[in-house]
Amino acid sequence: MGTYLPDASNGYTTVDIHGLTYRYTMMKDPETGSTVWVRNEDAINGGYIFEHKDDWGVGNDGGTIQKYFRFPYISSNQFGDGSITVEGEGQIVDPSVTYNYRVKIDEQLQQCYATPLADPACPGFQQALLDLLANMPAPEVGDPFYDEWVQANMSLNDESDEAEQQEQLKEPPEDLENQLGGQNSIDAMVNTVEQDAILAELAKLPTIEPYYIIAIPGGIYEDKFVLEDAKIPDNNRALRNLASDATHKTMIRSQYDRD
């Protein structure tokens, strides 16, 4: 049927048949009888989607016949080969079949069929755009696909930023108490690992021993200075600093002890 109807195999054209008209001339001997079948095969389900019989009995000397048929819309893809056949004696002259149909063309699909890049709504648009960009240098501002290229890159950056923000939200927030200085520790202020390494290096006596061992000749020296017992006064300034630090920590700790 593709020879007689518009091609509907392109994916964006739909052809629906809703009627037909056939005409032919029958030439026969009046003393013989015959039957004429007008048919269309069903290309999907098998059998015939249209079938009609004309009975040319004895006593009928033939002639021209024309008939009209109307039916609900049926896709042209279902109409297979058509035929006009004679059973018995007789001959068909000038046969013709005219189909009534409608054609619907989806303009967007037509553009997409030409190239998926015709419209962002086309199926396969993103993959076609990625393939295009992978095989060409970065487009210039005047390029018709520049806007799509910019949008694609911005979308990738937005996804990266969003993923980074999600990772930051997963990290536990810094303890407010530590920020205020209420629980400062030596580990938070000093890298104890590095300090331990330095002290270990200094503790290598074989390295520094030759420089500090000096033999002093002589006998036994008696101490000539004797410290007498005396009362050492308190360091009032240090006490005030300690009291201030204790008050500060008490104030901060009270913020966390509230119900």
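The values are calculated or read from the model by the stated rules, or taken from the named source; none is laboratory data. Owing to the predicted nature of the structure, the values given are computational and were not obtained by experimental measurement. Reconstructed Cβ throughout: ideal geometry from the backbone, glycine too, with neighbour counts over all protein chains shown.
Scan segment 1-56 for residues that are farther than 14 Å from residue 82 by Cα and either acidic (Asp, Glu) or not in a strand (DSSP E or B) (or both) and the total you get is 18. Residue count for segment 44-89 satisfying the condition of being within 18 Å of residue 19 (Cβ to Cβ) and among the small types (Gly, Ala, Ser): 4. For segment 128-147, filtered to residues that are at pLDDT below 70 and not in a loop (DSSP other than H, G, I, E, B), the residue that is surrounded by the fewest Cβ atoms within 10 Å (Cβ to Cβ) is 147.
Report yes if residue 188 is modelled with pLDDT of 70 or more, small (Gly, Ala, Ser), assigned to a helix (DSSP H, G or I) and outside the structural domain of residue 21 (by TED's automatic domain parsing), otherwise no. No. Taking the conditions (1) surrounded by 11 or more Cβ atoms within 10 Å (Cβ to Cβ); (2) assigned by TED's automatic domain parsing to the domain that holds residue 101 in turn, residue 4 satisfies each one other than (2).
Got at least one residue in segment 110-127 being among the β-branched types (Val, Ile, Thr), surrounded by 12 or more Cβ atoms within 10 Å (Cβ to Cβ) and more than 47 Å from the chain's Cα centre (by Cα)? For segment 110-127, residues among the β-branched types (Val, Ile, Thr), surrounded by 12 or more Cβ atoms within 10 Å (Cβ to Cβ) and more than 47 Å from the chain's Cα centre (by Cα): absent.
Checked against (1) part of a strand (DSSP E or B); (2) more than 30 Å from residue 121 (Cβ to Cβ), residue 101 meets all criteria but (2).
Out of 56, 37, one residue alone is at pLDDT 95 or above and more than 30 Å from residue 115 (Cα to Cα). It is 37.
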